Amino acid sequence: MSTSEKVVDLVDSVKLYAKQETIGPLRGAGRWLLFGLAAALSLGVSMLFAILGVLRLAQHIGGDILDGSWSFVAYVIALLAAVALVVLSLSRVNKPSLSRGGASHES
């Protein structure tokens with residue numbers, strides 16, 4: 001094998017390795033981001049409807065008692081429900097990286 005053939009072989013090997021190590025993971029990251037975006041959108045809409053439901057329930061149950069100067073109480077209840085939903089959602093996040101093996105943090 002001549003030197004020029006070795007150089008061509010080396011260049012082809014480097015190109016193949018670069019494609020293997022960049023295009024594959026980028027496709028995986030794209031799918032990961034797409035599913036994450038769809039999940040975030042679905043979760044956001046469902047949390048919005050849940051919080052609006054809690055607000056309407058608090059207003060309905062409160063009735064005449066929570067009218068006038070006490071009308072803010074229903075909104076405080078809805079805010080507390082929103083905070084609880086956000087805390088619950090954040091506590092369920094368990095995949096902080098794109099790698100298939102999970103998180104590996106170096107100290």
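Coordinate-derived values only; no laboratory data. On a predicted model such as this, the values are computed, not experimentally measured, just so you know. Backbone-built Cβ (ideal geometry, glycine too); neighbour counts: all protein chains shown.
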Completion exercise
Of the residues 33, 23, 72, the Cα lying farthest along the dipole of the chain towards its positive end, which is defined by charges on the beta carbon of Lys, Arg, Asp and Glu, belongs to 23
Problem - Packing-based ranking, highest mean first, of 63-70, 76-83 given that Cβ atoms within 10 Å are counted - result: 76-83, 63-70
Exercise for the section: Taking the chain as the reference, fit the longest principal axis to its C-alpha atoms, fit the long axis of helix 3-62 to the helix C-alpha atoms, and give the angle between the two in degrees, 0 to 90, nearest 10. Expected result: 0
Problem - Rounded to the nearest 20 debye, dipole of region 3-91 from Cβ charges on Lys, Arg, Asp, Glu - result: 180
Exercise for the section: Averaging sequence separations of C-alpha pairs under 8 Å and six or more residues apart, then dividing by the length of region 3-91, give the relative contact order as a whole percent. Expected result: 24
Fill in the blank from the handout: Residue-ordered couplings for region 80-86, obtained by feeding phi - 60° into the Karplus form 6.51 cos²θ - 1.76 cosθ + 1.60 and rounding to whole Hz (Gly and Pro as x), are 5, 5, 5, 4, 4, 5, 5
Completion exercise
Dividing the surface of the Cα convex hull of the chain by four yields a projected area in nm² of 11.6
Handout entry: For region 1-23 versus region 26-50, the gap between their alpha-carbon centres in whole angstrom
Key = 38
Problem - Segment residue 26-residue 50, extension gain: residue separation times 0.36 nm, minus the distance between their alpha carbons - result: 5.1 nm
